[in-house]
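J.: So that we are looking at the same thing, I have put the structure below in structure tokens.
The values are calculated or read from the model by the stated rules, or taken from the named source; none is laboratory data. No experiment lies behind these values; they were computed from the predicted model shown. Neighbour counts are summed over all protein chains in view; Cβ atoms, including those assigned to glycine, are modelled from backbone coordinates with ideal geometry.
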Amino acid sequence: MRAPWLALALSGCGLWGGLPDQDSDRLSDADEIARGLDPKNPDSDGDGASDGVEVRSETDPLRADQAGRDPVHTSNPFLDAPPPEMWCGEGMGSNDCFQRVEGGTFLMGAQSTSPDKPGYDPNAAPSEGPPHRVTVSTFWIHRNAVGIHDVKRCQGTWCSEDMFGHGDGANYGRDDLRDHPINMVTWEGAARFCAMIGARLPTEAEWEFAARGPEGRIFPWGNDPGCGVYDANPARPWERFMVTGTCTGTGTHAYNQLFGDTPGTHISGLAGNVLEWVADWYDPSGPTAADATDPYGPLSGTLKIQRGGGWTESDPVNLRATIRTPVAPDVKLVDVGFRCAWGPLR
């Protein structure tokens, strides 16, 4: 097995004993969901090779009879013992690094009906609750949303042109926006890019834990409202402050324009730039109220989930870290991108 796929083995290629695997293809149900595969179908593209075999041989399990193998994989943090706090793969720029997030337990979700009960937030929507305790194992997540220069590596191997928006509002192909995140990407495009580098989309629980921390921050940067970006014209130009009033964006922001990294882990852009696809299907009946460890949502559905708030939001309230947005997986929106994660899915 080539080194880049050790992360795949650890995250559910039949090497984690006891993981649910309905179709017995040596990929766990959770891992298949995060990669856009059907956990009940052992051969998603119908080419006679099981999904597990194709993933381990670095062949696209959603493309029948793919002859070539992806040449752009890089090493991964699981090769180090112990893994580093931050990992930047060979050939990766500083914007592509992964940050280690130490596992822990937190109160996931929010509710606006009972001020005397846990998770109270007067701005919470019904879809954000009920709050419940969730334990998340240690994982790694991109420090920034995936950039437009990164997805070029996916073209012709794991991604097709129709997975990314073109034309008005699209960042794809814009060399002048090199330090901006990709936007107008479908869920499948996001999942395929992450799979191409040996990673996956974060689960909804992982994303919220990265944004809120064990202390349950309201916003990724803390509990004070803000827009997630620097004031472009501060009164004192030698200092940079976060915009805290009305958020009036005209497009995605460059990475160096973002304010409000998560305390301690310094994960950037979880609110105020692009909403981000996560692995989970959306359950219209609402999230479970039961305590859980490494949850990954229902096994199927019609809508996927986006987390965070994008540059199109004018009210900071809509950048809160508990907001959940269900969207059809083939939709491309100007304020939606993604970031990848590494780690076992139980």
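J.: Residues A341, A328: which one is surrounded by 24 or more Cβ atoms within 10 Å (Cβ to Cβ) and closer than 20 Å to R192 by Cα?
T.: Testing whether each residue is surrounded by 24 or more Cβ atoms within 10 Å (Cβ to Cβ) and closer than 20 Å to R192 by Cα leaves just A341.
J.: For residues that are part of a loop (DSSP other than H, G, I, E, B), at pLDDT 85 or above and either of a type in the set (V, I, T) or under 10 Å from K332 (Cα atoms) (or both), tally how many sit in the stretch 152-165.
T.: Residues meeting the conditions: 1.
J.: Hey, another quick one. What number of residues within the stretch 311-346 satisfy the criterion of being free of Cβ contacts under 8 Å to residues at least 40 places away in the same chain and in contact with a Gly (Cβ under 9 Å, 6 or more places away or on another chain)?
T.: 1
J.: In addition: Any idea which of T325, T293 is among the hydroxyl-bearing types (S, T, Y), in contact with a strand residue (DSSP E or B) (Cβ under 9 Å, 6 or more places away or on another chain), at pLDDT 90 or above and closer than 23 Å to V185 by Cβ?
T.: T325
J.: So which residues in the stretch 248-273 are among the polar types (S, T, N, Q) and touching a helix residue (DSSP H, G or I) at 6+ places or on another chain (Cβ under 9 Å), if there are any at all?
T.: Within the stretch 248-273, T252, T262, T265, S268, N273 meet the criteria.
J.: Keeping to the stretch 280-302, report how many residues are of a type in the set (S, T, Y), part of a loop (DSSP other than H, G, I, E, B) and more than 22 Å from A124 (Cβ to Cβ).
T.: 3
J.: If I filter the stretch 97-123 down to residues being of a type in the set (F, W, Y) and within 26 Å of C340 (Cβ to Cβ), which single residue comes out as surrounded by the fewest Cβ atoms within 10 Å (Cβ to Cβ)?
T.: F106
J.: Check off (1) of a type in the set (S, T, N, Q); (2) modelled with pLDDT under 50; (3) crowded, with 18+ Cβ neighbours inside 10 Å for T74 and give me the number that stays unchecked.
T.: Of (1) of a type in the set (S, T, N, Q); (2) modelled with pLDDT under 50; (3) crowded, with 18+ Cβ neighbours inside 10 Å, only one is false for T74: (3).
J.: Only one of (1) of a type outside the set (K, R); (2) in contact with a strand residue (DSSP E or B) (Cβ under 9 Å, 6 or more places away or on another chain); (3) closer than 30 Å to Q22 by Cβ is not met by G309, so which one is it?
T.: Failed condition: (3).
J.: Oh, and also: Any residue that is of a type in the set (S, T, Y) and at pLDDT below 90 - is there at least one of those in the stretch 300-312? Can you show your working first?
T.: Quick first cut of the stretch 300-312, residues of a type in the set (S, T, Y) only: 300, 302, 312.
This time we only want the ones that are at pLDDT below 90, so: 300.
Yes, the stretch 300-312 contains at least one residue that is of a type in the set (S, T, Y) and at pLDDT below 90.
J.: In addition: Among the residues of the stretch 226-252, how many are crowded, with 18+ Cβ neighbours inside 10 Å, in contact (Cβ under 8 Å) with a residue 40 or more places away in the chain and touching an Asp or Glu at 6+ places or on another chain (Cβ under 9 Å)?
T.: Summing the residues that are crowded, with 18+ Cβ neighbours inside 10 Å, in contact (Cβ under 8 Å) with a residue 40 or more places away in the chain and touching an Asp or Glu at 6+ places or on another chain (Cβ under 9 Å) in the stretch 226-252 gives 4.
J.: Could you tell me which residue of the stretch 184-224 is surrounded by the most Cβ atoms within 10 Å (Cβ to Cβ), considering only residues that are on the phi > 0 side of the Ramachandran plot and either polar (S, T, N, Q) or not in a strand (DSSP E or B) (or both)?
T.: Per the criteria, the residue is G198.
J.: Now, a different point. When you go through S137, S160 one by one, which is the residue that is free of Cβ contacts under 8 Å to residues at least 40 places away in the same chain, surrounded by fewer than 19 Cβ atoms within 10 Å (Cβ to Cβ) and either hydroxyl-bearing (S, T, Y) or in contact with a helix residue (DSSP H, G or I) (Cβ under 7 Å, 6 or more places away or on another chain) (or both)? Full working, then the answer.
T.: On the way: S137 fails: free of Cβ contacts under 8 Å to residues at least 40 places away in the same chain.
So the residue among S137, S160 that is free of Cβ contacts under 8 Å to residues at least 40 places away in the same chain, surrounded by fewer than 19 Cβ atoms within 10 Å (Cβ to Cβ) and either hydroxyl-bearing (S, T, Y) or in contact with a helix residue (DSSP H, G or I) (Cβ under 7 Å, 6 or more places away or on another chain) (or both) is S160.
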